[in-house]
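Below is one structure, written out as structure tokens; comments come after it.
The values are calculated or read from the model by the stated rules, or taken from the named source; none is laboratory data. It should be emphasised that the depicted structure is a prediction, and the values quoted were computed from it without experimental measurement. Cβ placement follows ideal geometry from the backbone for every residue including glycine, while neighbour counts extend to all protein chains displayed. Just the protein is used for accessible areas: all its heavy atoms, side chains included, with ligands, DNA and RNA removed. Shrake-Rupley method; radii C 1.70, N 1.55, O 1.52, S 1.80 Å.
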Amino acid sequence: MSEKVSRRRYVKYAAAGVVVVAAGAAGGYVAWQAGKKPKAKNEVVIGVLAPMATYQGSVQRDAAALAIEEVNAKGGILGLPVRMVVGDDKLDADTGVAELRRLVTVEHADVLTGGYSSGVMTAEMETMAELKTVFLADASSTEHPAKVAGNYEKYKYWFRITQNNGATFAFDLIDMLDMLRTNGVQVNKVYIIRDEHVWVEAVEEFLNPMLKEKNVEVVKNVKIPRGYTEYEPLIIEAHNLGAQVILPILAISGTGDVLAKHWATLRLPVLLAGHDLAALDLGFWERTGGACNYYIFIADGGVVQTAPPTSTCASFIENYTKKYGHPPEAHQGYGAYDAVYLYKMAVEEAAKAGERDPFDSDTVVKYLEKIANLENPVELTRRIAFYPPGHEKKWDHDLAWGDEYVRNWVAEWIDGKQCLIWPKERANAEMKLPPWFK
Amino acid sequence: MEMLELLMRILVYGATLSGIYSLIAAGFTLIFGVSRIMNFSHGAFFVLGAYLGIAIINGVGLNPYLSTAISILMVGLLAAIVYKGIMSPVRTQEVMVIIVTLAFALILEQLILLIFGEHGISYPSMVKGVISIGGVPIPSMRLFVLAIALTALILLWILIGKTRLGREITAASQDVEAATLLGLDVDKLFLTTVFISSILAALGGALYAQVYAANPFLVLKSLIFAFAIVILGGLGSVKGSVISSFIVGYILTAVIVLYGARWSELTALLIIIAILILKPTGLFGVKEL
Amino acid sequence: MVSPDAFLYILGLTYLFIVIAVSWDVMVGYTGQVNLGHIVFVGIGAYTTALLQTPSRLQRLIPGMLLETTQVPIYASILCGGVAAAMFGLIIGVITLRLKGWYFALVTAVLPLVFVETTVIWKDVFGGEEGFPIGLKGALASSTLGKYYVAFAFMLASVAAMYAIVNSKVGLKFKAVREDPYLAESVGINTVKIKVLAFMVSSFFAGLAGALIVHYRGTVSPSLYDVPLMLLVILAAVIGGLGTIFGPMVGGLIVYLAKHWWLKGAVAALTSTGLPINDDIILYAVLIAMAVLLPEGIWMRARKIIRGTRIS
């Protein structure tokens, strides 16, 4: 009996000791930090925070590294050398928040770029607001600009630069259907296969009324869970219900390859046209063994790699390929590259205007709004503009959507290549229908 | 006509999934029935069959049939090594077996994630074309896969029922001590069982990647469905697990076709739990635990 | 490099994790029933308290339950989380503990999948894959240090309580069921009832811990139901030593800190060599090594060394 009691006491004392030491260390560190004098600024630090295990994340690091290399070769930002620091959010909100904190407080990042998962971004926005650091971000949720709209002073440091928000996909999808109609495909029934996730709700909010307007009937709307693979019965059902188009609205399901494979095997007279992250992937053709031929999709980020929208974009793709041996693996690369240059431009504008501290976050926000707005978009790898505060749809600081700005172009996999097929002015190929259709 | 078409769709499409799952379930229950080992790495071997096969096709350039054969043999060998290395030493502590094999499965899952990424991979089609049965278009590949799965099961049945090795395995599964007294090398029999079962699982994986796509998360997902099927069929009963594979496969397909994709897995799991409440030893419960 | 603030934060979460590991030991180490779905209770506790803190979501499940503006007191909410988990423990226990050993393990393994599906399908209520935040008003304390102290106190209280339970007369019955169920039955112990009781104790504390995690982090998400977390619990209990209460405490401390802190440096060094390796792989490999080489766990081995006895 006494043995057990003494062991318990021992454990308790040990634990209490840990607490005292930990609390003491914390207090001491805080005091020491407060006592340190701020150093004069001798470099600019850009932080990249994304899931590094996925190529959507690693491409941001690589693209930013290229941009920083170029910037440094031309003298840096306001004469100061630029350094990159990298954080890995591991697609986890807690990790993302901790890494953001580390990048800003320990690595002294002046600005951040990155992101991918909307859920992680939502959590990170809180820390970003607390630490008052500008974040030029990715992710597609309309929740993020809504936060800016709801509390501008707190969240104004957030800007979306990599792609348009998910709701705009609806506009692109409608244009895609219009394109099909003008090319002689009678579209009046569609069969929707969509992710079981909140992001699609934002798309459908805009898509459904527009479909009605255009007299397009949704014969069925199928929600699929992550990892779902039984597409054949769905394709057969779509055909039986008389749909001319199967419209995927997919990003997280992860099984776009199987959808393409099943569609190509069955060869039923139904088109496959919609949004699927899997189709965006440059390795899609190889992975599906060519089954994705004739797959029409809208391309996130405003760039179809075979038809770059600006000359800066074409050079970026060329230089990236030269440096890394292959073209950018995902559209997040354009966002990260543009983020570095846009930040540089904002800081330089601020300095030219005589601002006391051009690197101060509030100042940077002011100048980002000034130089990249609807009246004058900035042409980088794409034409960047941000919606102003007070936007009617609560898309404050979101990436502007439109032909003159950024939008998901309508693309198609044709004979091994990702081609841009609409709008006509930018197209580098004509739409091709599968031989078994009609 | 509508009903018939619907029924045909469920019947034929459900059969593929059932056939593939029966390969995993039969192997899992066989290992347990014979050696009391709960092999939580079984799902990993399933997935490896697919990944190794594709790696060989892409890396060495062999044709799909040969690559599959080589890959399942490699998986069998790996399983044998795993048995010798980590399953056998802790065989007497059943909790440890679960923990050790589960940890191994997760290592494999992480390795696959790191080397191949999280996107699925699929086999190049070995059989092309679509035929029509009862007005329902069916890719020939599905029938091919089903045929192979059934052939494998029949071979297994012949092995266990008609060969000397099969009889020895059955003897060891019924009474380990008596079998040892009779001079049977029980450890070797267990090893052989693990080898055979893992080959079956790997074959299942390769077939799965033909029709669908293999991804790292299947390591756990296929395992959990194997559990559900095996519990339903009764632990230790190969016949039971084959039959319940078809039951579960059909429930899944029927729900997808009739109600909606999102409900399929949840419904299947709930039905299994419900059946277990009514019949705690499964449909064909054989082993007393 | 981790700032002290971040370190305290991680340590606090470690204490909560320890409670989960110890509660698992109550079931597995003391009663011998391998529960592979333990984290389901963590999740139930977590979502119960999260829903109580967000009446707007709760109303989509049970209309008219609470007013939109009701502010449920934090500790009452947490307690409800524990009670809800225990209730589920009762229901699930009564159903599944009639099943013999292996069936129980397999069925419990399937449970997390069912619960995660539920969270995703009814996302209006449960927030789907990304979960939902509960807002600053639900925080345990306004500073990291404050949260740390709360987590620490909770851990001490819970471990002490569980220790008392397993060393009481009821605890003796738990061990009897583990050692020889038939003998236990023959001396009049209702094994099913005892197992269910242990299950409820185990799930109660897991639920409390889950609820506390929500108030600590400020958000709830299905990651609390996830298999990797279950593995971590198993790792902690096995490395520390099953059936000892203190073993999982030590194991939990080592494992959780290793995963979230210590291994980062080692992994960064290893990955730069191009080897496909990450912190999970290292942990699992350690688990396998420990299970094969040191099955009784660190705690027991340490005790033996300290006492100078060697049990063959």
Q: Check whether at least one residue in region B:90-103 is facing chain C (nearest Cβ under 8 Å), part of a loop (DSSP other than H, G, I, E, B) and over 20 Å from A:Leu259 (Cα atoms), and report yes or no.
A: yes
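So that you can scan it fast, the table gives a plain yes or no per residue for (1) more than 14 Å from chain B (Cβ to nearest Cβ); (2) among the hydroxyl-bearing types (Ser, Thr, Tyr); (3) surrounded by fewer than 24 Cβ atoms within 10 Å (Cβ to Cβ); (4) touching a residue at least 12 places away in the same chain (Cβ under 8 Å):
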site	(1), (2), (3), (4)
C:Asn35	no, no, no, yes
C:Gly43	yes, no, no, yes
C:Tyr47	yes, yes, no, yes
C:Gly81	yes, no, no, yes
C:Phe88	no, no, yes, yes
C:Ile95	no, no, yes, no
C:Leu99	no, no, yes, no
Q: Could you please find all residues in region B:253-268 being among the β-branched types (Val, Ile, Thr) and within 10 Å of chain C (Cβ to nearest Cβ)?
A: B:Thr267
Q: Run B:Ser173 past the list (1) within 12 Å of chain A (Cβ to nearest Cβ); (2) part of a helix (DSSP H, G or I) and report the number of the one that doesn't hold.
A: (1)
Q) Within region A:244-270, can you find the residues that are over 31 Å from the mean Cα position of the chain (by Cα) and either over 15 Å from B:Val136 (Cα atoms) or not β-branched (Val, Ile, Thr) (or both)? A) A:Leu266, A:Arg267, A:Leu268, A:Pro269
Q) Are there any helices (runs of 4 or more DSSP H) wholly within region B:211-289 with 3 or more residues that are closer than 23 Å to B:Leu159 by Cβ, and if so which? A) B:218-233, B:238-258
Q: Within region A:196-223, work out how many residues are outside any helix (DSSP H, G or I) and of a type in the set (Val, Ile, Thr).
A: 4
**Q.** Single residue of B:Thr192, B:Thr281, B:Thr267, B:Thr180 found to be in contact with a Gly (Cβ under 8 Å, 6 or more places away or on another chain) and more than 21 Å from B:Leu146 (Cα to Cα)
**A.** B:Thr281
Q | Within region A:404-438, tally of residues that are in contact with a Gly (Cβ under 8 Å, 6 or more places away or on another chain) and outside any loop (DSSP other than H, G, I, E, B) | A | 2
Q) What tally of residues in region C:263-294 results from selecting those that are modelled with pLDDT under 70 and either under 23 Å from the mean Cα position of the chain (by Cα) or in a helix (DSSP H, G or I) (or both)? A) 9
Q. Which is open to solvent by 20 Å² or more (accessible area, probe 1.4 Å), outside any loop (DSSP other than H, G, I, E, B) and free of Cβ contacts under 8 Å to residues at least 60 places away in the same chain, of A:Glu349, A:Glu355, A:Glu375?
A. A:Glu349
Q. Can you pull out the residues in region B:119-149 that are of a type in the set (A, V, I, L, M), surrounded by 14 or more Cβ atoms within 10 Å (Cβ to Cβ) and either more than 12 Å from every other protein chain (Cβ to nearest Cβ) or in a helix (DSSP H, G or I) (or both)?
A. B:Met141, B:Leu143, B:Val145, B:Leu146, B:Ile148, B:Ala149
**Q.** Residues located in region B:1-16, provided they are within 12 Å of chain A (Cβ to nearest Cβ) and surrounded by 15 or more Cβ atoms within 10 Å (Cβ to Cβ)
**A.** B:Leu6, B:Met8, B:Arg9, B:Ile10, B:Leu11, B:Val12, B:Tyr13, B:Gly14, B:Thr16
Q: Hey, can you tell me all the residues within region C:137-176 that are aromatic (Phe, Trp, Tyr) and in contact (Cβ under 8 Å) with a residue 40 or more places away in the chain?
A: C:Tyr148, C:Phe152, C:Phe154, C:Tyr163, C:Phe174
(Q) of a type in the set (Gly, Ala, Ser), under 26 Å from A:Phe171 (Cβ atoms), outside any loop (DSSP other than H, G, I, E, B) and within 14 Å of another protein chain (Cβ to nearest Cβ): is that true of A:Ala336 in this structure? (A) no
Q: Check off (1) in a loop (DSSP other than H, G, I, E, B); (2) open to solvent by 20 Å² or more (accessible area, probe 1.4 Å); (3) small (Gly, Ala, Ser) for C:Ala6 and give me the number that stays unchecked.
A: (1)
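For every residue, the table says whether it meets (1) surrounded by fewer than 17 Cβ atoms within 10 Å (Cβ to Cβ); (2) at pLDDT 80 or above.
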{"position": "C:Leu52", "(1), (2)": "no, yes"}
{"position": "C:Thr70", "(1), (2)": "yes, no"}
{"position": "C:Pro73", "(1), (2)": "yes, yes"}
{"position": "C:Ala76", "(1), (2)": "yes, yes"}
{"position": "C:Trp102", "(1), (2)": "no, no"}
{"position": "C:Thr108", "(1), (2)": "no, yes"}
Q. Residues of region B:57-73 being part of a helix (DSSP H, G or I) and either modelled with pLDDT under 85 or open to solvent by less than 80 Å² (accessible area, probe 1.4 Å) (or both), which ones?
A. B:Ile57, B:Asn58, B:Gly59, B:Val60, B:Pro64, B:Ser67, B:Thr68, B:Ala69, B:Ile70, B:Ser71, B:Ile72
Q.
Please list, ordered by residue number, the strands (runs of 3 or more DSSP E) wholly in region A:52-170 having 1 or more residues that are open to solvent by less than 30 Å² (accessible area, probe 1.4 Å), of a type in the set (A, V, I, L, M) and in contact with a Phe, Trp or Tyr (Cβ under 6 Å, 6 or more places away or on another chain).
A. A:111-114, A:134-137
**Q.** Residue list for region C:125-149, filter: closer than 21 Å to C:Phe41 by Cα and either modelled with pLDDT of 85 or more or within 11 Å of another protein chain (Cβ to nearest Cβ) (or both)
**A.** C:Gly127, C:Gly128, C:Glu129, C:Glu130, C:Gly131, C:Phe132, C:Pro133
Q.
If I filter region B:238-252 for residues that are more than 15 Å from the chain's Cα centre (by Cα) and facing another protein chain (nearest Cβ under 10 Å), do I get at least one hit?
A. yes
Q. Which one of the conditions (1) open to solvent by 10 Å² or more (accessible area, probe 1.4 Å); (2) over 17 Å from the mean Cα position of the chain (by Cα) does A:Leu180 fail to meet, given that it meets all the rest?
A. (1)
Q) Residues of region A:316-333 being charged (D, E, K, R) and either part of a loop (DSSP other than H, G, I, E, B) or touching a residue at least 60 places away in the same chain (Cβ under 8 Å) (or both), which ones? A) A:Lys323, A:Glu329
